[in-house]
Amino acid sequence: MTRSTVGRATREVVLTAGAILGVLCLVVLLAGATMGVRPLVFRSGSMAPAIDTGDLALSRTVPASDLHIGDIVSILDASGTRVTHRVVNIAAQGDARQLTLQGDANNKPDGEVYTVDEAQRVLFHVPRLGYVIGWLTGPIGIFLLGLYAALLLSVAFRRKGPGRDDPPAPTKKEPARRRAAQARRRRLPAALSLAVVSVGVLWPAPGWAAPWTDDVVISGTTVTAKIVPPPATFTCGGLGLLSVTFNWAAVSGVTNYTLHYGTAGVTTLNTTATTATITSALSGGTAWVVTNINYGSTTWSSVASTTRSYTVAVVSLCS
């Protein structure tokens, strides 16, 4: 195999791979925009063995009347925390439905009965893909995707000189329409590949909590517990150039707050303020805040506040 043949084959592989990834990402993006399909990254194992930690699921919003016992659904509980469990009982309440949910790994149903008009029903899941998506939608992953897109563009649009390893340029006798078609075929894969970056930036897969509801055995005669409330509100504030600001309600007696953000909320920021700004370029994920109060030498923390999905980009988004 000659050097020119290897060069042409390598460029075709790079362009074809970029086109395939671009098409797949565009399909996913369009499905989300037109059919309500959303990704879910599992951050706990209460749905094991059906769905494990780190798996990625795709869900679609459906009316409550379309739900059946055995469906896996994702909804918000009374505190605004997303819960994704299996339906074990359904009771009608007009057009709404009262759902009893239970994680497959839990030994009893959730303590709350959820009244919903609609819910996100899990369509299917892919094992461990959540870890990959989480990495790709992080700053390093997006940077590398950007480099890959730049490589595709350079391959598609590079100039060819005499003696290079490409086939001879079309002669003047060759119809202009054919020459234009050849140029479009080279540039289309690169254009489609840019969707890889756009989906990584604009469609971060939110993580969610699948609560454990198993009984806990306590030994001893005295149990001391403190009730630490989460902030009553957690909202999106200013959306700036490469920045997103979050605001939340103050809690009386608070020691500090812990803001969770990034992919599945794995990055944390401790602050005594009731506002925080994320300025990481080209990043996104899910954010929420937790209240911390010191009682003596022990720090007690609240459950999570409501969650927000966000993207930090040239045009930042938050919902």
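The values are calculated or read from the model by the stated rules, or taken from the named source; none is laboratory data. The structure displayed is predicted, hence computed values, not measured ones. Neighbour counts are summed over all protein chains in view; Cβ atoms, including those assigned to glycine, are modelled from backbone coordinates with ideal geometry. When the accessible area is computed, the model is the full protein with side chains, heavy atoms only, and any ligands, DNA or RNA have been set aside. Shrake-Rupley method; radii C 1.70, N 1.55, O 1.52, S 1.80 Å.
For 272, 233, 307, 291, the ranking by accessible surface with the largest value first comes to 272, 233, 307, 291, using a 1.4 Å probe.
A Förster radius of 51 Å combined with the Cβ-Cβ distance from residue 273 to residue 5 puts the calculated FRET efficiency at roughly 0.25. Accessible surface of segment 59-100, 1.4 Å probe: 45 percent of it comes from carbon and sulfur atoms. Per residue, segment 246-319 exposes an accessible area of 44 Å² to a 1.4 Å probe, with every protein chain left in place.
Close amide H contacts of residue 106 (hydrogens built in the peptide plane, cut-off under 5 Å, sequence separation of 5 or more or a different chain): none are found.
With each label modelled as a point 7 angstrom along the Cα→C-beta vector, the residue 61-residue 91 pair spans 2.7 nm. With protein chains left intact and a 1.4 Å probe, residues in segment 52-96 average 42 Å² of accessible area per residue.
Taking Cα centroids, how far is segment 247-261 from segment 62-99 in Å? What the calculation gives is 30 Å, centre to centre.
Of the whole protein surface, residue 235 contributes about 60 Å² of accessible area at a 1.4 Å probe radius. Multiplying the residue separation of residue 115 and residue 258 by 0.36 nm and subtracting their alpha-carbon distance yields 48.5 nm. Between residue 108 and residue 298, the modelled labels are 2.2 nm apart [label points 7 Å from Cα along Cα→Cβ].
Distance between the 7 Å Cα→Cβ label points at residue 242 and residue 314: 1.3 nm.
Shown in residue order for segment 79-89 are the 3J(HN,Hα) couplings computed by the Karplus curve 6.51 cos²θ - 1.76 cosθ + 1.60 at θ = phi - 60°: 8, x, 8, 6, 10, 10, 9, 8, 6, 10, 7 Hz (x for Gly and Pro).
State whether segment 42-117 is rounded, prolate or oblate according to the following rule on the C-alpha gyration tensor (a ≥ b ≥ c being the square roots of its eigenvalues): a/c under 1.5 gives rounded; otherwise a/b larger than b/c gives prolate, and the remaining case gives oblate. In terms of gyration-tensor shape, prolate. Residues whose amide H falls under 5 Å from that of residue 119, counting only those 5 or more places apart or on a different chain, are 62, 64, with hydrogens built in the peptide plane. Sequence-ordered 3J(HN,Hα) estimates for segment 227-238 from the Karplus curve with 6.51, -1.76 and 1.60 and θ = phi - 60° stand at 9, 10, x, x, x, 5, 9, 9, 10, 7, x, x Hz, glycine and proline given as x.
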